[in-house]
1. Please list 104, 47, 74, 109 in order of solvent-accessible area, largest first, computed with a 1.4 Å probe with all protein chains present.
2. Work out, step by step, the length gained on full extension between residue 104 and residue 55: first 0.36 nm times the residue separation, then minus their alpha carbon distance; give nm to one decimal.
3. Once phi is turned into θ = phi - 60°, what whole-Hz ³J(HN,Hα) does the Karplus curve with 6.51, -1.76 and 1.60 give for every residue of segment 81-93, x standing for Gly and Pro?
4. Using a 1.4 Å probe on the protein heavy atoms only, what accessible surface does residue 76 show? Give it in Å² to the nearest 10.
5. In the structure shown, do any of 63/92; 63/84; 25/92; 64/92; 64/107; 25/64 have a Cα-Cα gap over 19 Å, and if so which?
Amino acid sequence: MKKLMLMLFSVLLACTDNSKNDELKAYVSDFESGFTNKANQLIVLLEEGIMIESHVLRGRSNKKSNIDKVLEKENIPLTQQFNKVYKDATIKTDGSKYYITLDENIKLEFDSEKK
């Protein structure tokens, strides 16, 4: 009986689904169709650069998004819509993390989320 239980446990362990790590892997291509956060702000990778877009209904939450921080650095008021293409911007990934550099003063870092 012990051998049977040990064998069953070994089979279950060998069949364990390790796809969780794959699901949370970050890819630059994730931004080709655009990434929209919970505040409906957009980051999209275009041929000419990385576009950041935000609507005028910002500031309703106490928690600031990465894009809210970009808008603060750009001195954009809460009542103003924002849409800008950063031409020399880059996106890099490492594991489940994205590293976006819009210019030398604006850098973003965040984790990929399970979709």
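1. Working: 104 155, 47 190, 74 45, 109 100 Å².
Sorted by accessible area, descending: 47, 104, 109, 74.
2. On the way: separation 49, 0.36 × 49 = 17.64 nm, distance 2.44 nm.
Additional length available on full extension: 15.2 nm.
3. Rounded to whole hertz, the list is 6, 10, 8, 8, 9, 8, 6, 9, 6, 9, 10, 10, 10.
4. Its heavy atoms expose roughly 30 Å² to the probe.
5. Distance filter (> 19 Å) returns 63/92; 63/84; 64/92; 25/64.
The values are calculated or read from the model by the stated rules, or taken from the named source; none is laboratory data. On a predicted model such as this, the values are computed, not experimentally measured, just so you know. For accessibility, only protein heavy atoms count, side chains too; no ligands or nucleic acids. Shrake-Rupley method; radii C 1.70, N 1.55, O 1.52, S 1.80 Å.
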